[in-house]
Amino acid sequence: MTKKKSRVARPAAAQRIRWDRASWVLRLLLTLYVALAAVTIRYHPISTGLDGAWAYGVNLFAARGLIFGRDVGFTYGPLSYLTLPMNLGSNLTQGIAFQFCVWLLFAGTIVWAALVRRVALAGLTLFAALLFTGLPTFGTLGYAGPDLFAAYTALLLLGCAAVARRWVWPFCAAVAFAALLFLVKFSSAILVWSALLIFAGALSLRDRRKGAQAALLAIVAVPLACAVCYLIYFPSLNALWCYTRLGFEISSGYSSAMSYPSGDDGPRLALALSLIYALACVYLLWRKHPGFALCAAMAGPLFLSFKHSFVREPGHSGIFASFFVLTWALIVLFVEVRGRDRWVLAAALLLSLGGWLQSENAPALWKRAVETSAGLQSASSLASIWRVPAIRRSLDAQAKDELGADKLPPALLQRLGNESTSIFPYELTYAAANPMRYQPFPIAQTYGAYTAFLDNWNAAAVASTGAPSRIVFEWEAIDQRHPLLDVPAMSLELLRRYELDSVYNGVLLLRRRPQPAFQITRQIASTTLRIAETFRVPDSEQPLIARIHLRYTPSGRFRRFAFRIPEVRVLVHTAAGRTLSARVPPEVLDNGIPLNLLPLDLNDFRTLISGQRIDPVQSLTIGGEGARFFEPNVSAELLEISDWTLRPAAPPVALHSRGSLDSIQVETINDTNAAGRGEVIPIRDRYGFVQVRGWALDGLRGQTAGGVQVLLDGVPYYAQYGAKRPDVAALQHCPECLASGFDWAIATHELGHQPHVLTFRILHKDGASYYDTDRAVRFRIE
C-alpha cells in the first residue's frame, strides 16, 4: 500500500514543482514588465514652452530662492520642480534623480508583493493588465501625471500595509510620502492623506487596536511630518501658516472660479462607475472581509480624481477614467478573495470595465497605453536617463523655437533696463524669452488669485515698498473673464500706485508713481441687491466701488465641496450704452467691483490710468448659471474715493451711416439657434440674462469691423466685439478676420414677456460711422 501511494504521489509532486517553477517565471516576467512599463514615465522634463508658462514660473521661483508661503503661492509647491523639471539651474538633474528614486520605490513595492508576499498570480496578472491601461495617468495626461505617479506609489505602500504582518513600516512610508507631497502639490498630498485616514477608520471596524494606531499616525503624524518638512525648507511658522492656508484657498476656490464643463455625460458615467465600486466595498463590509479597509481607503482618491477631472473638464477629463482603472489594479493586487467573494468582485470589476469602455476617453487612453508601454521604448528610455547633456540640448532647442512668439519689442526692453519688472496678468514666459529682472506677484498668474485672501495678498504686494518698478500689462483673460475683475483689490492698487509709461501695440508699460494717486476710501452707503435683478448705480463725480458679498446657499456649499459651481457672470451697461458681460470669480467680489472706474477694454484702461474719466457704469446685474447657488438677497457697500479727481472724458462722437452691409451673422440667443429665423423665438430665462452671440466683418475691406451696435426695440447698445473666431477666419479665407465675434447681453428682469426686436449695425473702424444691416431677430422671454 505504501509503494502504491508513493507511485501516485510522485507524479503529483512533480506536477506541483513544475507549476511552482512556471509560477515563479510568470511572476518574474510580470514584475519585469510592470517595472519596465513604469520606466517610460520615470521623469517628465519640459521645455520652457508657451503651454508651460506656470511650470516655468515654478522652476524659476525655485531657482531664484523665492519662498513659497512667504514670497509666492502656486497650485504646486516648492519641490514641484522635481516632478516638472526644466533646464533651469540644477532643476533638471535633481528632477530626474528624484523621479528615478520614486520609480525605484514603485518597482520595489511590486517586487515585494509579487516575489516576497507572493500575492495571488491571478491578481498580479490583472494588476499588470490594468496598470497597462492606466499608464497614461502618469505620463500623457499633462503636468498632473508625475505627481500622481508619486501619489500612486504611496497608495501601493498603503496596499502593502493592508496585507503585511509588520504593517506599520509601509504605513509609515506612506505617511512620509504624504508629507513630501505636501511640498510638491497640496492636492496630491490630500489625496494620499484621505486614503490613510479612511483606511484607519475602516480598519478599526475589524481591529480596534490596529485601527487606533493607524488613526494616530494618520491624524497626528501626517500634519506633523508636513510641518517638519516645511520648516526644514524654510524655518518660519508664519510662512508655514500662510503656505497651508494657500493650499486650502487654492484648492477650495478652484471649484467655483475655474469650473469649465464640456457636458454632463462624463460626470454621470463617472458617478455610475463610482456606485459600482461603492457597492463592491459595501459587499466586502457585509462579509467582514479584511480587504474592505483598502477598498474603502480608495474612496478619497477617487473623489479627488473625480473633482480633478470634471471641475474643469477640457484637458482633465481623462484623469478619472485612468485613475479608476488604477484603483481596481490596486484592489486586485492586494485583496485576496475566495469562493463566492471572488465571483462577486469579478462581476463588479467586469461591470466597471464595461462602463469604462463607454467613456469617450477609453479609446485614447488605450492608444496612449500602447505607445507608452512598448518594451523597446522602455529599454531605450531607461538607457537615456543618464544622458542629461543630450536632454539639456533637446530642451534648449525646443525652448528657442517656442519662445520666439514671446519676444517683446526692443524699445520696451530698452525702457525696462535693469528695473524690477512684473507681468500682468499671466504670461510668465515673457521672463524666459526676454532679458528682464523679473519679480513675480505672490500669485504670479492673476487668474489664479480667485479668492478674497489671494487677491488681497497680491494687492498688499503691489502696495508694499518692495513692489516692482515696472509692470508689463496686457489685456488678456481666460474663460470670458475680465482681467481686472479677476483681482479687484489688486487692480485698485495698480491704479493707485502705477501710471502709464509707454505703449507698444497691445502691450502697456506701467511705472511706479512717486506718490500714490489717492489714499482715502470711505463708505457712503449700504444696500441690498438681488440676484438676476438690475442695480442702478448712483451718479457721482467721485470714483465709486461696490463691495458685493455673495453667500452660498446650503446646496451651494455642498455643490462647491462635492463638484463644481457653474459660472457666475456680471453684466454692466454704461452711460454711453456699452455692454460688458464677464464671468467673475464669485469669492473676490467681497473686495469690490469698480463702477465708474471699470474699463471695458485696453483703451479704457489706458485712459483711466492716465487720470481721465471713462464711460461710467450705470447698471449692474449678477447672474449666470451658478447664481442659483447663492442667497438671492446680497448685501453690498458703496465706497467712494474722495481724494482722486479725474479729468473730464472726451465727448462722444456722433455716428453717421455709410450705407448697408450684410457681413454679419446672429447665431444664438442664450442656447437657442437664431440664424435665419424670422418668427418670434421663445427664450427660456435660465441665467438672468439674454445673451446674443454672432460674428461681423467689414465686408468691404475683408477684415474685422470696428464693433457691433445692437438696437433693442430701437434703443442702441454697444456689444463686446473681438472674440476669437477661427471658424469664421477659415470659412471666409481671411486670416485677418480672426477677432470677429461679438457678444451682447441684457438682464431679463428688464424685458417682461412681450415680444422684442433686435436689429444690428456694423461699426466702422474710424469710430464715427456705421453700416446698416438687414438682420433682425424677434424673441420673447417665456
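Number of residues in the stretch 682-730 that are open to solvent by 40 Å² or more (accessible area, probe 1.4 Å), of a type in the set (A, V, I, L, M) and over 16 Å from residue 760 (Cα atoms) equals 3.
Selection over the stretch 563-595 of residues that are surrounded by 20 or more Cβ atoms within 10 Å (Cβ to Cβ) and either touching a Cys at 6+ places or on another chain (Cβ under 6 Å) or of a type in the set (Gly, Ala, Ser) (or both) gives a count of 3. Among the conditions (1) within 20 Å of residue 150 (Cα to Cα); (2) over 26 Å from the mean Cα position of the chain (by Cα); (3) open to solvent by 20 Å² or more (accessible area, probe 1.4 Å), the only one that residue 333 does not satisfy is (3). Count of the stretch 159-216 residues, restricted to those that are part of a helix (DSSP H, G or I), among the aromatic types (Phe, Trp, Tyr), farther than 29 Å from residue 73 by Cα and open to solvent by 10 Å² or more (accessible area, probe 1.4 Å), is 1. If you go through the stretch 673-701 and pick out every residue that is closer than 23 Å to residue 751 by Cβ, touching a residue at least 24 places away in the same chain (Cβ under 8 Å) and of a type outside the set (Asp, Glu), you end up with 17.
Farther than 28 Å from residue 217 by Cα and not basic (Lys, Arg): is that true of residue 121 in this structure?
The answer is yes for residue 121.
Looking at this structure, is residue 276 farther than 26 Å from residue 215 by Cα, touching a His at 6+ places or on another chain (Cβ under 8 Å) and either without any contact (Cβ under 8 Å) to a residue 60 or more places away in the chain or in a helix (DSSP H, G or I) (or both)?
So residue 276 fails the test.
Quick check: anything in the stretch 522-529 under 29 Å from residue 473 (Cβ atoms), touching an Asp or Glu at 6+ places or on another chain (Cβ under 7 Å), touching a residue at least 40 places away in the same chain (Cβ under 8 Å) and in a strand (DSSP E or B)? Yes: one or more hits.
Given the condition more than 23 Å from residue 590 (Cβ to Cβ) and either touching a residue at least 60 places away in the same chain (Cβ under 8 Å) or among the acidic types (Asp, Glu) (or both), answer yes or no: does some residue in the stretch 465-472 qualify? The answer is yes, given that some residue of the stretch 465-472 is more than 23 Å from residue 590 (Cβ to Cβ) and either touching a residue at least 60 places away in the same chain (Cβ under 8 Å) or among the acidic types (Asp, Glu) (or both). Scanning the stretch 543-562 for residues that are of a type outside the set (A, V, I, L, M) and buried (at least 16 other Cβ atoms within 10 Å of the Cβ) gives 543, 547, 552, 556, 559, 560.
Would you be able to tell me the number of residues in the stretch 409-426 that are crowded, with 18+ Cβ neighbours inside 10 Å and out of contact with any Ser or Thr (no Cβ under 8 Å at 6 or more places or on another chain)? Final tally of qualifying residues: 3. Within the stretch 602-613, identify whether any single residue is touching a residue at least 12 places away in the same chain (Cβ under 8 Å) and of a type in the set (Asp, Glu), and answer yes or no. Checked the stretch 602-613: no residue is touching a residue at least 12 places away in the same chain (Cβ under 8 Å) and of a type in the set (Asp, Glu). For the stretch 595-610, the set of residues classified as assigned to a loop (DSSP other than H, G, I, E, B) and either under 16 Å from residue 578 (Cα atoms) or within 30 Å of the chain's Cα centre (by Cα) (or both) consists of 595, 596, 597, 598, 599, 600, 601, listed by residue number.
Here residue 464 does not qualify as modelled with pLDDT of 95 or more, out of contact with any Gly (no Cβ under 9 Å at 6 or more places or on another chain), small (Gly, Ala, Ser) and surrounded by fewer than 20 Cβ atoms within 10 Å (Cβ to Cβ). For first residues located in the stretch 251-269 and farther than 10 Å from residue 451 by Cβ, partners that are of a type in the set (Phe, Trp, Tyr) and surrounded by fewer than 18 Cβ atoms within 10 Å (Cβ to Cβ) and lie 6+ apart or on another chain with Cβ distances below 6 Å do not occur.
Of everything in the stretch 476-520, what is basic (Lys, Arg), open to solvent by 30 Å² or more (accessible area, probe 1.4 Å) and in a strand (DSSP E or B)? Give them in sequence order. Across the stretch 476-520, the qualifying residues are 511, 512. When the residues of the stretch 748-775 are filtered to those that are modelled with pLDDT under 90 and part of a strand (DSSP E or B), the one that is surrounded by the fewest Cβ atoms within 10 Å (Cβ to Cβ) is 774. Count of the stretch 665-681 residues, restricted to those that are assigned to a strand (DSSP E or B) and either loosely packed, with under 12 Cβ neighbours inside 10 Å or among the aliphatic types (A, V, I, L, M) (or both), is 5. The single condition from (1) touching a Pro at 6+ places or on another chain (Cβ under 9 Å); (2) under 30 Å from residue 430 (Cα atoms); (3) open to solvent by 30 Å² or more (accessible area, probe 1.4 Å) that residue 63 fails is (1).
Do we find that residue 246 is open to solvent by 20 Å² or more (accessible area, probe 1.4 Å), in a helix (DSSP H, G or I) and either modelled with pLDDT of 90 or more or at negative phi (or both) in this structure?
no
Residue 754 passes every criterion in (1) more than 35 Å from the chain's Cα centre (by Cα); (2) over 27 Å from residue 625 (Cβ atoms) apart from (2).
The values are calculated or read from the model by the stated rules, or taken from the named source; none is laboratory data. The structure presented is a predicted model; accordingly, all values stated were derived computationally and were not measured. Glycine gets a Cβ as well: all are built from the backbone with ideal geometry, and neighbour counts include every protein chain shown. To get the accessible areas, we keep the full protein, side chains included, count just its heavy atoms, and leave off ligands, DNA and RNA. Shrake-Rupley method; radii C 1.70, N 1.55, O 1.52, S 1.80 Å.
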